[in-house]
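In what follows, a single structure is set out as structure tokens and then discussed.
Every number here is computed from the coordinates shown, using simple stated rules; none is lab data. A quick note: this is a predicted structure, and the numbers were derived from the prediction, not measured. Because the Cβ atoms are built from the backbone with ideal geometry, glycine has one as well, and the counts that use them run over all protein chains shown.
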Amino acid sequence: MASEHVYGACVVWTGDRGEGTRSYKGYDRTWNIETPGKPVIHCSNDPLLGGDPSLPNPEDLLLSSLSACHMLWYLHLASVAGIVVTAYEDAPEGVGETAPDGAGRFLRATLNPVITLEAGSDTARADAIHGEVHRYCFIARSVNFPVSYNARYLET
């Protein structure tokens, strides 16, 4: 039987300039993610929609969550398989679209990990692990767009 897990956060809008949402351009698209006992994450809207390009936006956070979940499961499954990973770095890319009415969505995401393996590792087995990750990754199993990967391997 599956077990349920409850996750929570507090999202606090910080963009009131004193007039609330009285006018469309009269407020900032900024907020904080506040989770007890953790650092506050200052965020903004996508720059295409008037957000601050120096702050993470929802699309950044979703793509980063997808990449991090994949990485953590990859490391776990590699360890179980006896594959020694000494470094892992990903530069994921998401492709989205915006409809004429402003509605947006992700069409697809590609993970681009560069993984450093211990010398003599079975790179074919290391590569196959990526396909297994999608069975476990909470985030990848929750999105409704395809997620692919394009991994490169280095040896120490």
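Only one residue of Gly104, Val85, Ala128 has its Cα farthest out toward the positive end of the dipole of the chain, where Lys and Arg carry +1 and Asp and Glu -1 on Cβ, and that residue is Gly104.
Applying 0.36 nm per residue to the separation of Glu59 and Glu19 and subtracting their alpha-carbon distance, the gain on full extension is 11.7 nm. In percent, what relative contact order does segment 71-156 have, based on Cα pairs under 8 Å that are 6 or more apart in sequence? After rounding, I find 35 percent. Across segment 1-55, Cα-Cα distances exceeding 19 Å account for 44% of all pairs. For the residues Tyr24, Tyr136, Tyr74, a GNM of the chain with alpha-carbon springs under 10 Å puts the largest fluctuation on Tyr24. Between the Cα long axis of helix 123-136 and the first principal axis of the chain there is an angle of about 50°, rounded to the nearest 10.
Applying 1/(1 + (r/R0)^6) with R0 = 35 Å to the Cβ-Cβ distance of Ser79 and Asp28 gives a FRET efficiency near 0.20.
Placing unit charges on the Cβ atoms only, positive for Lys and Arg and negative for Asp and Glu, gives the chain a dipole magnitude near 260 debye about its Cα centre. Each of Thr156 and Leu72 was given a label point 7 Å from its Cα along the Cα-to-Cβ line. The distance between the two points is 2.3 nm.
With R₀ fixed at 30 Å, the C-beta to C-beta distance from Ala9 to Glu118 puts the FRET efficiency at about 0.20.
Computed from Cα positions, the angle between helix 58-80 and the longest principal axis of the chain comes to roughly 20 degrees. Given Cα pairs under 8 Å that are at least 6 residues apart, what percent is the relative contact order of the chain? Reported as a whole number, the value is 17 percent.
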